[in-house]
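J.: Here's a structure for you.
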C-alpha cells in the first residue's frame, strides 16, 4: 500500500492521488504566499525592533515566519508530493502559525481597552492577556501534540486518526476561545459607545483617528483568523485525505489568504503605531 513510509517519489506504485492531498501543490500560489509571509515577517521584525515592542513582535513575527516555513514545505511538495519531511514541515507550521497571530490580537485588545477606558470592560485589561493567551497556549500545545502524533504515525491509520482528533480539539478550543473573547470585546465597545464613544477615551495621547484605524485593523484581523479556524475544523474532521482536504483552492483562500490578510492588517495598522503603551523604544512617545 502506498504511504509516506513506502514511497519516496511519484511512480506507478506510488501515484500522486495516493498522497494525503492527492495533488501537486500549485507552485505559483505557494510561492506567492511564501514571499508574502516572508516580507510581512521581516516588516513585523523591523517595526518591533524600531519601537522595541518586544511582546507583540514575538507573536506577530513568529506567526508569518512560521507560515513562510509552511509554504516552503508546500513548494518542495510541488516537486515531490511524497516528500515526507516537507509534508511534516508544512502541516505543523501551517496548523500552529495562526495561534501566534491570535495571541497578537489578544494583546492588542488589552492595550485598546487601556486606551478607551478599563472601566468599561467586564475583565481587567491584564486578564485579557493572561486568560486568552493562556488558552491560546493550550490550543497551541494540543495542535502541536496532534501534529506530532500524526507526523509520526506513518501508515498506522489508527494513530493517524488520534493525531487528527487532537488537532481538531485544539482548533475547536481556539475557535471557542476567540468567540468568548469576541463577545467580551463587543460588549466592551458597546459600553464605550454608550458612554460617549471613542472620543471619550482616557489615554489622551491616542488620537480619535488613530483609535479608529487600530480598531479597524484589529477587528479585520480577528474575523479573518476566525474564518480560517472555522474552515480548519471540517477540513480536519473528515480525516487525512478527505475530499475537502484535497481541494487546494479552498485551502489557499480560506487558510492562506485569510491569515495573509490578517497579518497584512496588523502590519499596515500595526498596534505600535497607535498605542504608546506598547512602545518601549526611542519612539515611546507619539
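J.: Quick check: anything in segment 240-257 at pLDDT 90 or above, surrounded by fewer than 16 Cβ atoms within 10 Å (Cβ to Cβ), assigned to a helix (DSSP H, G or I) and touching a helix residue (DSSP H, G or I) at 6+ places or on another chain (Cβ under 8 Å)?
T.: Scanning segment 240-257, I find at least one residue that is at pLDDT 90 or above, surrounded by fewer than 16 Cβ atoms within 10 Å (Cβ to Cβ), assigned to a helix (DSSP H, G or I) and touching a helix residue (DSSP H, G or I) at 6+ places or on another chain (Cβ under 8 Å), so the answer is yes.
J.: Does segment 9-50 hold any residues that are more than 24 Å from residue 61 (Cα to Cα), touching a helix residue (DSSP H, G or I) at 6+ places or on another chain (Cβ under 6 Å), at pLDDT below 95 and not in a loop (DSSP other than H, G, I, E, B), and which are they?
T.: none
J.: Given (1) part of a helix (DSSP H, G or I); (2) in contact with a helix residue (DSSP H, G or I) (Cβ under 9 Å, 6 or more places away or on another chain); (3) closer than 24 Å to residue 228 by Cβ, where does residue 192 come up short, assuming only one miss?
T.: (3)
J.: In segment 112-123, what count of residues is obtained for those that are touching a helix residue (DSSP H, G or I) at 6+ places or on another chain (Cβ under 6 Å) and assigned to a helix (DSSP H, G or I)?
T.: The number of residues fulfilling the criteria is 5.
J.: Separate question: Within segment 52-79, how many residues are surrounded by 23 or more Cβ atoms within 10 Å (Cβ to Cβ) and in contact (Cβ under 8 Å) with a residue 60 or more places away in the chain?
T.: Total satisfying the criteria: 7.
J.: Follow-up. With respect to residue 109, is the statement that it is buried (at least 23 other Cβ atoms within 10 Å of the Cβ), modelled with pLDDT under 95 and either in a helix (DSSP H, G or I) or at positive phi (or both) true?
T.: Against the criterion (buried (at least 23 other Cβ atoms within 10 Å of the Cβ), modelled with pLDDT under 95 and either in a helix (DSSP H, G or I) or at positive phi (or both)), residue 109 qualifies.
J.: Here's a follow-up. Would you confirm, using the coordinates I've provided, whether residue 87 is closer than 24 Å to residue 170 by Cα, at pLDDT 90 or above, surrounded by 20 or more Cβ atoms within 10 Å (Cβ to Cβ) and more than 12 Å from the chain's Cα centre (by Cα)?
T.: Here the answer is yes, as residue 87 does meet what is asked.
J.: Hey, another quick one. Is there a residue being touching a helix residue (DSSP H, G or I) at 6+ places or on another chain (Cβ under 6 Å) and not in a helix (DSSP H, G or I) anywhere in segment 64-72?
T.: No: segment 64-72 contains no residue that is touching a helix residue (DSSP H, G or I) at 6+ places or on another chain (Cβ under 6 Å) and not in a helix (DSSP H, G or I).
J.: Under the condition of being over 19 Å from the mean Cα position of the chain (by Cα) and surrounded by fewer than 15 Cβ atoms within 10 Å (Cβ to Cβ), which residue from segment 24-49 is farthest from residue 259 (Cα to Cα)?
T.: It comes out as 49.
J.: Ok, one more. Within segment 128-148, how many residues turn out to be farther than 28 Å from residue 69 by Cα and at pLDDT 85 or above?
T.: Selection size over segment 128-148: 2.
The values are calculated or read from the model by the stated rules, or taken from the named source; none is laboratory data. Quantities reported herein were computed from a predicted structural model and do not represent experimental measurements. A quick note on method: Cβ atoms are made from the backbone with ideal geometry, for glycine too, and the neighbour counts reach across all protein chains shown.
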